[in-house]
1. Starting from the Cα of VAL130, move 7 Å in the Cα-to-Cβ direction to define the label point; list residues of region 160-174 whose amide nitrogen is under 12 Å from there.
2. Using modelled amide H (1.01 Å from N, peptide plane; none on Pro or chain starts), what sits under 5 Å from the amide H of LEU167, excluding residues fewer than 5 places away?
3. Run the accessible area of region 575-700 with a 1.4 Å probe and give the carbon-and-sulfur part as a rounded percent.
4. When Lys and Arg each count +1 and Asp and Glu each count -1, what net charge do the other residues less than 12 Å away from ASP162, Cβ to Cβ, add up to?
5. Give the long-range amide H neighbours of SER201: residues separated by 5 or more places, or on another chain, with amide H under 5 Å away, using H modelled in the peptide plane at 1.01 Å from N.
6. Under the classification rounded if a/c is under 1.5, otherwise prolate if a/b is larger than b/c and oblate if not, where does region 586-719 fall, given a ≥ b ≥ c as square roots of the Cα gyration tensor eigenvalues?
7. Suppose accessible area is computed on protein heavy atoms with a 1.4 Å probe; arrange TYR684, TYR26, TYR40 from highest to lowest.
8. List the chymotrypsin sites (Phe, Trp or Tyr not before Pro) within region 479-520 that fall in a DSSP loop (any state other than H, G, I, E or B) and whose Cβ has at most 10 other Cβ atoms within 10 Å.
Amino acid sequence: MGDLKSIWKIVAKNWYIVLLLAAFSYSVGLFYSFRLTDVYAARTQILLKSFDEYQPNSIISDNEGSVSSTYKSYVDNSNQMRVIKSYDLIEKSIRRMKLDVSYFIQGRVRLTEIYEGTPFEVNVLKINPVFYEKDFRFRVLDTQHFELSYSKGDSAIVLKCDFDKELVNPDFRILVRKAGEINRQTVKSLSFINYIFKIHSLSTLVYRCMSAMDVENPDYTNVLQVTLEDPIPKRAEELLDTIAHVYIENTLQQRFDINRNTLVYINRQMDTVVDILNNIEDTLQLYKEKHGILDLSREEQDYFDKLSGYDRQKSNYQLNISALDALEDYVIQNKDPEFLPPNIYVDINDNFLLKNVSDLYNMQIERNAGLTSATNKNLAIQGIDKKIELSKKDILVYIGNSRIAIQSRIKDLEDEMNKYIANIQTIPEKQRGLMNIQRRQKVNEDLYIFLLQKRANTVIAKAGIIPLTKVIETSRSMGLVKPNRTRIILGFVGVGLLISFIIVFIRVAFYDKIESVDELKQKTELPIVGEILHNRMMKELTIPVETDPKSPISESFRTIRTNLQYLAPDSKGAKVIVITSNNPGEGKTFCSINLASIFSKAGKKVLLLELDLHKPRVQKGLNITSDKGISTILIGKDDIASCVKNTQIENLDAILSGPIPPNASELLLSDNMRRIFEFGRQHYDYVVVDTPPVGLISDALVLMQLADISLFVLNTKFAFREAIANAHEIVNVNKLVNFAFILNGVKRKKSKYYYNRYAYGYGYGGRYGYGYGAYKAYGGHGYGYGNNGYGDPPTQEKKS
């Protein structure tokens, strides 16, 4: 239950902060969101095809080499997403739409941009970059003239210009064209409209568009979804369409460029191949001329035929030599008595040798015939032998000569054969060189034919080039996308609530003021003798207990008086009451004067001491002055009795501060200070002491040591935790007893008793009203006194 009361107290004390800040934040958020420019979005979709398509066995990629093509792979969409947001593509689109000038209408609260329907058009020919994004104010004067104003540095420039005529000055060169809306019927209404136009740099527009554009690629598709945000929905749609068309044109132009570059490359290669073929033909001709080549295969056959003939002749000659050798052996060995020569000699076509051999054979026949009838010693036989011997010698000599002649012929044949063999051996080298040249010629001829075919294919493919991309969904507006005014307003309200909660937290944690006795009870265990209702007379140091004894504030002091009678019951003689506060302005002097007055009203003799020697104010409240007092007593200049002043209030005397001394704190430590207190105890029932604020000056601490009761005045304006903590520290450090609080400046609604019951108490007359107030004051802190327990004795009350 206590926690709920604490929470309710916090809410009750701070609800207006939360409400005001929330209302203020709502208003600021509403105004801020109203001034924000509406931003719309447009979206388009582009279908992509693969740029990796190719035609097998073709030097031409994609479908440019042939009418038919084979789809190869899925396009690299991440590259195309970057392409569509590229600077050059967006720049080309913006140039095409002529978006370098923006038009606005100045309203009372905000500036509204317009895209269509402007009665004029600004063409920027040249401009100083300093004037980019600057406001140019435009006003129609009549059907032929307009007024243009702009700022240059600290000066304002106003120009009266003509429509459809170049405006040239050192800052810019522009041409303002008149639209059809400017005529005699509309010029009057248009002259009241304040137009503004801004000229943008192209780079600024491009980067602004890039930041407002978003390109997405749905998974597993070749579709690009392009979204563009813009304050004007139609401009967003048209710009998206333009970007899509420029993108498609670029892809198509790229394909034409590839086709054109391919033709250029093919023609260049064909020219190169023609030059190579001409060079090869010249090389072939020089090679044949150098090596004397007409028909290399026929020459080769002729060489082989002649070499074969020579070889056959050589074989015949060698056979003849063999025959001669065999005949020579036969002739020399003479083994055959019948002289039958070897049959090989018949192959020798030599008449001389054939005749001699035939003669030798005949002589041998003749000899053999003679031996049938004679012996070897026969002279005829011996004569035949001599003839045979001579014939053999001739034959042998002839065989030797014939051999030499044949061998000579063989050598000649071998020389001829070696010559032809050498010629034959040169043929492969010639043939290889010729074949190399012919092979190069053949390769270049094939390449030339290939390039001719490909050039024909490329020319044909150019007619069949179509875009690989296409728009599958034209741009359309998605409506308003931002600002989300509801979210903005809620955000402002949320921030306001957060700030208010922070303020409330700081107030509760550091600046939580005590506004009622109940709140003070929760912060301290020290006694609380009463509360004093808030009254404007406190600043004027009036004495309401004297001037208005039936007022609620007078009743507050009666309650305090009653409670103080029970605070120091064991004190002997007069009670010394020291009154101080933590800060100036808390009402301690007001309480001192009125408390002393309320005691005097009860028939008690009271002495009021003005011991705030730094800033004395009691004399102002009592409306008396004196050139002597506490300060002169303490320095020994005057005695105590001579400084006592009677006041307009019965039974109330006062000793004023006297002249303000320079060393007031040191004077309070003198023995004369104790004598003043002893004087008061001897001659009065109560001594009320007004002291300086203890939070600033320590004088009150010295005086509290001499007092019976110490009262600490807390004003609800300054009753923070630090003040209570300071009071607790004073009590603990100085070991004070009979220390109590007075809560000053309590609002009526915070005072349960006076706010709810005061009228009822006074309805029964003075005695019962005072007694009821005293008896029931603040939860039992006071219980009344006097003969009947209801308040002041009747006799005393009548006096007052």
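1. It comes to 170-172, nothing else.
2. So LEU167 has HN proximity to ILE174, LEU175, VAL176.
3. Working: 2120 of 4710 Å².
With neighbouring chains kept in place, the figure for region 575-700 is 45 percent.
4. 0
5. It is GLU133, by chain and number.
6. rounded
7. TYR26, TYR40, TYR684
8. Within region 479-520, the qualifying chymotrypsin sites (Phe, Trp or Tyr not before Pro) (loop, at most 10 other Cβ atoms within 10 Å) are PHE510.
The values are calculated or read from the model by the stated rules, or taken from the named source; none is laboratory data. What you are looking at is a predicted structure, and each value in this text was computed from that prediction instead of being measured. Counting neighbours? That spans all protein chains shown, and the Cβs are built from the backbone with ideal geometry, glycine included. Areas reflect the complete protein model, heavy atoms only, side chains present, ligands, DNA and RNA absent. Shrake-Rupley method; radii C 1.70, N 1.55, O 1.52, S 1.80 Å.
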